[in-house]
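The numbers here are math on the coordinates, done by the rules we state, and not lab data. Note that the structure is predicted; figures quoted are calculated from it, not measured. With ideal geometry, Cβ positions are generated from the backbone for all residues, glycine too; neighbour counts draw on all protein chains shown.
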Amino acid sequence: MALVNLDPAALPASLAPAQERTESLPFRTKFGFGIGDFAFNLYWETTTLYLLYYYTDVLGLSPIIAGWIFGGAMLWDAFCDPVAGYIANRTRSRWGRYRPYLLFGCIPLAISFVTMFIPTSAQGASLVALVLGSHMLFRSSYTVLSMPYNALMATLTDDSRERGSLAAYRMLCAKAAGLFVALSTLELVHVFSPADEKHGFLMVMILYAVLSLPVFLFTFFATKERTQPDAHTLSVRDALAVVLHNRALLLVCGMACALSATGTFLSKTLPYVMKYALLREDLIGLAVGIVTLQAFITIPFWAWVMRRTSKRLVALSGGILGICTYAVLGWLGTPSITALLFLLAIIGFASAATMLAMWAMIPDSVEYGEWRTGVRGEGTIFGVFAFTLKSSLAIAVGGVGHLLDAVGFIANQPQTPAAISGIWAMLWQGPITLLSIAMLFAFFYPVSPAAHAQIRGALRQRQRTSPPH
């Protein structure tokens, strides 16, 4: 396997003729792929928005223990991602490499998700062991399904603009699920069981798990893997080369790491701000939901901008706007409910840009890596990408738990002024720092639309001139 030491800008334009275009994907394929992220985000958004709250305020775990149970299980998930991606990359079946996992993995995932919320009377070490074990089981099941789904995106088309469209569809569906979860979860908990939150949470999670199953099946039947797999079986050495010699991938991973931690600080801290700083526990769902709603509404706008400019520009635009908005939050101190909701809406608008650009960038790094190393390895690439997302999330959640303890937070008690001030500072100081880091990585991202088209041309020429295997 020989490395190609070139810069995309150095490729001759003749390798990517202006008239060459990949056939547009049909709506059924785009929607079928995108709706899969609705099902995934019934799980992801529930755990992201409410699981730490469930551990501290429903099960009674301390913030540090709850944070590191969440973070430890997420780290386990993160380490499993590259392995799952590598295995999926080597899978061969009549349904393709990645689609079979959607068919056979959706039911185990649903069962493992519900298991986390089965009511228990356990206390102390027994409760910690039960919670940690059920969470790790869920994370393992989630990885087995999510890794192939993420890699599937790179096999549906090799056209950068069509991938931007796929990213927009999946983001719209993901945000729709996030909005539904944010606005409905606590309300449904009280509807199902007004006097017993444990039972209410269980019933809601059963509902979400059941809703996910037909969605995953629709994604399986609506998609088709179009790009050809590697002609040879991917070795561990090849997998390492695909990662280490892929500058585009490494930069997107750095960006994803910082963005994931940014979102974690916001989503994990906001419920505590609403409940204890602003004394409006009834508005937790609205506050969390307005971020998701604004992102959902504005994804088509950012997709339009990205199609006419570049993924890098969209990422930088959203990141800079987000940094400015968090700075305003810090300048205001603890604002009114109206002001907070308005600023959260702007944060949602900004986050739509950064997340859309990130998910649109990562599949383009597959061709960049293939051009550099001669190996596609999309399963490995998406596995490493997911590892960075989840490991940063795990560390951030653990950090939030420690910070809550450090500022003197005590669950279900009136908080001291120092605790209130500390919780509020967590909401804006962390995101400003992390978003700044993310924008530094985005600034150096090397694959523009023109460069990707040239890389595709170079790969096609290589395929025409290389001897058959």
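Please compare each pair in 311/390; 30/268; 224/268; 30/198 to a cut-off of 26 Å on the Cα-Cα distance and tell me which ones are over it. Please report the intermediate quantities before stating the final value.
Working: 311/390 22 Å; 30/268 31 Å; 224/268 37 Å; 30/198 38 Å.
From 311/390; 30/268; 224/268; 30/198, over 26 Å: 30/268; 224/268; 30/198.
Karplus-derived 3J(HN,Hα) values for the range 445-461, using 6.51 cos²θ - 1.76 cosθ + 1.60 with θ = phi - 60°, are 4, x, 9, 7, x, 5, 5, 5, 4, 5, 4, 4, x, 5, 5, 5, 5 Hz; glycine and proline are entered as x. Sorting 273-284, 142-153, 59-70 by their mean Cβ neighbour count within 10 Å, with the most densely packed peptide first, gives 142-153, 59-70, 273-284. Normalised by the number of residues in the chain, the mean separation of alpha-carbon contacts (under 8 Å, six or more apart) gives a relative contact order of 30 percent. Projecting the Cα positions of 142, 253, 368 onto the charge dipole of the chain (unit charges on Cβ atoms of Lys, Arg, Asp and Glu, taken about the Cα centre) puts 368 furthest along the positive direction.
Translational diffusion coefficient, Stokes-Einstein: compute it for the range 9-158 using the Kirkwood radius over C-alpha pairs as Rh, at 4 °C and 1.567 mPa s, and state it as an integer in µm² s⁻¹. Please report the intermediate quantities before stating the final value.
Values: Rh = 17.8 Å.
In µm²/s, the coefficient rounds to 73.
Annotation for residue 107 and residue 332: the two label points, set 7 Å from Cα along the Cα-Cβ direction, are 5.0 nm apart. Of the residues 411, 214, 432, the one whose Cα sits farthest toward the positive end of the charge dipole of the chain, with +1 on the Cβ of Lys and Arg and -1 on the Cβ of Asp and Glu, is 214.
What area, in nm² and to one decimal, does the C-alpha convex hull of the chain cast on average over all directions?
On the way: hull surface 84.7 nm².
Over every viewing direction, the Cα hull of the chain projects on average to 21.2 nm².
A full extension of the chain between residue 450 and residue 121 corresponds to an added length of 112.5 nm, given 0.36 nm per residue minus the alpha carbon distance. Can you tell me how the range 178-337 classifies by the Cα gyration tensor, rounded, prolate or oblate, using a/c under 1.5 as the rounded cut? The shape class here is oblate. With the charge dipole of the range 34-112 set up from +1 on Lys and Arg Cβ and -1 on Asp and Glu Cβ about the Cα centre, the Cα lying farthest toward the positive end among the listed residues 91, 105, 41 is that of 91.
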